[in-house]
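Inspection log for the structure reproduced underneath, given as structure tokens.
The values are calculated or read from the model by the stated rules, or taken from the named source; none is laboratory data. What you see is a predicted model; the values in this text were computed from it and never measured. Cβ atoms come from the backbone with ideal geometry, glycine included; neighbour counts cover every protein chain shown. All accessible areas refer to the heavy atoms of the entire protein, side chains included, with ligands and DNA or RNA removed. Shrake-Rupley method; radii C 1.70, N 1.55, O 1.52, S 1.80 Å.
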Amino acid sequence: MFGSASAAGDVGVSETRNARGAFLLLTAWAQKQLTAPPGQAVNNLHQALLEHSENNLNDDIAAIAILKTS
């Protein structure tokens, strides 16, 4: 799912593109999720993918969020 780099070097979600063919820039998105609980971050990611793709998700999605406590 992850691992496709943009020209700017940011990592995007490899199978979720918008109408122009651009990936959701994951690093930029993740910076906004640093204080979200893991479950909420995963829900937020799903919502961001839906919005970015204009509700055109044609593949399965698997995501995991880990809370670092120290």
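Just how much of residue 25 is accessible, in Å², when a 1.4 Å probe is used and the result is rounded to the nearest 10?
70
So, with +1 on the Cβ of K and R and -1 on the Cβ of D and E, and no other charges, what is the size of the charge dipole of the range 12-70 about its Cα centre, to the nearest 20 debye?
For the range 12-70, the charge dipole is close to 280 debye.
At 0.36 nm per residue, and after removing the present C-alpha to C-alpha distance, how many nm does the segment from residue 20 to residue 62 gain when stretched out fully?
The residue 20-residue 62 span can extend by a further 12.7 nm.
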